[in-house]
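Below is one structure, written out as structure tokens; comments come after it.
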Amino acid sequence: MAQKYDLIIVGSGPAGLAAAIYAERARLETLVIEKGMVSGGQVLTTYEVDNYPGLPGVGGYDLGTKFREHADNLGAQFAEDEVLRIEGEGEQKRVVCAHETYEARAVILATGASHRKLGVPGEEELGGMGVSYCATCDGAFFRKKVTAVVGGGDVALEDAVFLSRMCQKVYLIHRRNELRGAKSLQEQVFAQENIEILWDTVVEEIQGAEKVEALKIKNVKTQEEGRLEVNGVFIAVGITPASDSFEGLVEMDHGYIKAGEDCRTSCPGIFAAGDVRTKPLRQIVTAAADGANAVTSVERYLLEG
């Protein structure tokens with residue numbers, strides 16, 4: 001027989017952990033289901049967080065750990081399992097996992113998102129051999145070497161600046177002629193003498209035998225092709241929401257779950273929080289805020305029922 005709760009939270013990144021904290025304070029019988037062995041989500045792979053209020057310069061791993069410790073101290077329950085599907089009809093929602101099935105009157109989807117890939121030859125083959133999606137995780141392997149970062153948003157700029165502190169040279173490859181990241185980050189990029197920006201350029205192939213040796217690149221305006229010798233490439237071209245398991249359950253927009261600031265989805269009793277929901281800004285602070293808002297909406301929903 002399925003175990004029953006007031007609330008099940010799927011995911012244990014900043015949104016899921018914030019929701020767990022607020023749910024425990026609201027005295028809701030709550031279970032957090034996390035796919036991995038460690039809580040924290042993408043924040044764990046962030047070297048330094050400089051925009052979380054009150055904790056400037058805190059390490060991402062430290063911040064994620066603090067979130068989990070806070071939830072633990074309040075008595076939050078956790079289960080390591082993979083959610084296969086959710087049956088959202090009726091008052092009780094069934095959360096079917098790989099190992100167990102759980103039931104709850106309300107569910108918060110806080111599954112986050114994952115790094116998007118370029119989809120070019122050599123990317124899969126050289127994964128972990130010079131191809132990386134996390135500069136803070138793997139940057140130390142390329143000390144005093146030549147690297148490239150692909151992208152033009154906040155993450156790409158952060159990665160380029162981070163790598164410039166230890167690498168001999170960093171190429172920032174962007175398909176457009178202007179960067180999309182925050183102005184403060186752009187200023188940091190322009191200030192680093194060992195960062196060279198390749199405008200209007202895309203990567204067509206990642207080359208190497210047993211490790212990354214070079215990139216085949218092309219200028220999208222002139223169609224001129226070239227070969228860029230690098231020891232590693234860091235791909236930062238966006239994220240893909242982890243929402244496949246919820247297809248047909250809730251309305252989506254390009255894979256992101258449609259939900260406003262109250263985190264309510266199209267399915268009564270199902271809420272979405274954090275990077276997986278439609279929102280203009282995906283940051284740790286907005287994910288944590290979503291967790292709080294989602295639980296507030298859950299409380300109202302349970303009272304209405």
Exercise. May I ask you to list the trypsin sites (Lys or Arg not before Pro) in region 257-305 that are in a DSSP loop and have at most 16 other Cβ atoms within 10 Å of their Cβ?
Key: Lys258
Quiz item: Relative to the longest principal Cα axis of the chain, at what angle does helix 14-25 sit, 0 to 90 degrees, rounded to 10?
Solution: 20 degrees
Self-check item: Cut-off 16 Å, label 7 Å out along Cα→Cβ of Ala98, residues of region 1-39 by amide N
Solution: 11-12, 33-39
Self-check item: region 131-235: C-alpha gyration tensor shape, a/c 1.5 cut-off, then a/b vs b/c
Solution: oblate
Quiz item: What ranking of Val285, Val295 emerges when the number of other C-beta atoms within 10 Å of each C-beta is taken as an exposure proxy, fewest first?
Solution: Val285, Val295
Quiz item: So for Cys137, Cys167, fewest C-beta neighbours within 10 Å to most, what's the order?
Solution: Cys137, Cys167
Quiz prompt | Signed unit charges on C-beta, dipole axis of the chain, positive-most listed residue Ala236, Gly119, Leu109 | solution = Ala236
Quiz item: Once you sort the root eigenvalues of the Cα gyration tensor of region 1-59 as a ≥ b ≥ c, which label holds: rounded (a/c under 1.5), prolate (a/b larger than b/c) or oblate (the other case)?
Solution: oblate
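Sort Val49, Val212, Val220 so the one with the fewest other Cβ atoms within 10 Å of its own Cβ comes first.
In increasing order of surrounding Cβ atoms, one gets Val220, Val49, Val212.
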Practice problem: Please get the size of the charge dipole for region 43-129, origin at its Cα centre, with Cβ charges of +1 on Lys and Arg and -1 on Asp and Glu, quoted in debye to the nearest 20. | Solution: 240 debye
Exercise. Could you check what % of the DSSP bridge pairs in region 1-146 are antiparallel, to the nearest 5?
Key: 35 percent
Quiz item: Among Phe142, Phe78, Gly88, which residue has its Cα positioned farthest towards the positive end of the charge dipole of region 50-157, with +1 placed on the Cβ of Lys and Arg, -1 on the Cβ of Asp and Glu, and the dipole taken about the Cα centre?
Solution: Phe142
Quiz item: Amide H of Glu213: which non-local residues (sequence gap of 5 or more, or other chain) have their own amide H closer than 5 Å, using H built in the peptide plane?
Solution: Gln207, Gly208
Self-check item: Given Lys169/Lys216; Lys183/Lys218; Lys117/Lys221; Lys117/Lys218; Lys66/Lys117, the pairs whose alpha carbons are separated by over 20 Å
Solution: Lys183/Lys218; Lys117/Lys221; Lys66/Lys117
Exercise. Give the cysteines in the chain for which no other Cys Cβ lies under 4.7 Å away, or write none if there are none.
Key: Cys97, Cys167, Cys263, Cys267
Quiz prompt | Size of electric dipole in the chain: Cβ of Lys, Arg +1 and of Asp, Glu -1, about Cα centre, debye, nearest 20 | solution = 500 debye
Practice problem: Would you calculate, for the chain, the mean residue ellipticity at 222 nm contributed by helices, counting each DSSP H stretch of 4 or more residues as -39,500 (n - 2.57) and dividing by all residues, to the nearest 500? | Solution: -7000 deg cm²/dmol
Quiz item: So for region 211-305: antiparallel DSSP bridges make up what percent, rounded to the nearest 5?
Solution: 90 percent
Quiz item: Out of Met37, Met166, Met129, any idea which swings most in a Gaussian network model of the chain, alpha carbons joined below 10 Å?
Solution: Met37
Self-check item: 0 to 90° range, to nearest 10: angle between helix 284-304 axis and the chain longest Cα axis
Solution: 20 degrees
Quiz item: For the chain, what does the alpha-carbon gyration tensor say about shape, rounded, prolate or oblate, given a ≥ b ≥ c as the root eigenvalues, a/c under 1.5 as rounded, and a/b over b/c as prolate?
Solution: prolate
Quiz prompt | Antiparallel content of DSSP bridges confined to region 131-235, in %, to 5 | solution = 40 percent
Quiz item: Could you give the distance between the Cα centres of region 101-175 and region 281-300, to the whole Å?
Solution: 26 Å
Quiz item: In degrees from 0 to 90, rounded to the nearest 10, what is the angle of the helix 60-73 Cα long axis to the longest principal axis of the chain?
Solution: 10 degrees
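Throughout, read-outs are computed from the coordinates displayed, never taken from laboratory work. Please read these numbers as outputs of a predicted model, since none were measured by experiment. Here the Cβ is made from the backbone with ideal geometry for all residues, glycine too, and neighbour counts use every protein chain on show.
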